[in-house]
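Nothing in this text is a laboratory measurement; each read-out follows from the coordinates by a stated rule. Every value quoted in this text rests on a predicted model; they were computed, and no experiment measured them. Neighbour counts are summed over all protein chains in view; Cβ atoms, including those assigned to glycine, are modelled from backbone coordinates with ideal geometry.
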Amino acid sequence: MDKQSLDIIKKIINDIDEKLGQNIVVMDLKNISSICDYFIITSAASIRQTKAMADEIESTLEEEGISIFHKEGYDSGKWILLDYGDIVIHIFHDEDREFYNIEGIWKDAKTINVDNIIEDNI
């Protein structure tokens with residue numbers, strides 16, 4: 001993982017953690033997809049919380065001069081997708097995360113330990 005991606009992913013994880021996001025997963029898709037390099041997946045117990053996470057991430061990255069390419073699902077708040085090009089963030093309501101099972105669909109992707117990202121042990 002390059003330093004720039006690592007720094008951005010750390011900021012995103014921090015924002016998710018601050019808004020009490022659950023079960024944060026970072027998936028490395030570089031060698032299996034041209035969609036993006038990384039998925040960050042998390043979930044929350046309420047729609048209000050999913051929207052709060054999305055707002056926090058957008059605000060933080062905007063302050064860093066990083067513009068969002070595309071955003072979907074914000075109005076319903078059940079599955080919010082934030083597309084930053086190389087990094088795509090999926091913020092799910094708990095029930096929808098189980099139903100869509102992104103981790104299962106992309107099971108060939110390498111899962112990166114979030115603790116290692118935070119501690120720079122990648």
key: Amide hydrogen neighbours beyond the local backbone of L29, cut-off 5 Å, H modeled   = Y38, F39
request  = Among G65, A54, N31, pick out the residue whose Cα is farthest towards the positive end of the charge dipole of the range 3-118, where Lys and Arg carry +1 and Asp and Glu carry -1 on C-beta, about the Cα centre.
outcome  = N31
note = What the Cα atoms of the chain span along the principal axes, largest first and in whole Å, is 33, 33, 26
ask   = Residue-wise, which Karplus ³J(HN,Hα) couplings in Hz belong to the range 82-94, taking 6.51 cos²θ - 1.76 cosθ + 1.60, θ = phi - 60°, and x for glycine or proline?
value = 10, 9, 10, x, 6, 10, 10, 10, 10, 10, 10, 6, 3
Fluctuation leader among I91, I47, I102 - the chain, Gaussian network, Cα springs under 10 angstrom = I102
ask   = Can you list the residues, at least 5 places off or on another chain, whose amide H is less than 5 Å from the amide H of S43, using H built in the peptide plane?
value = Q22, F92
remark   = If the chain between E63 and Q4 were fully extended at 0.36 nm per residue, the gain over the current Cα-Cα distance would be 19.7 nm
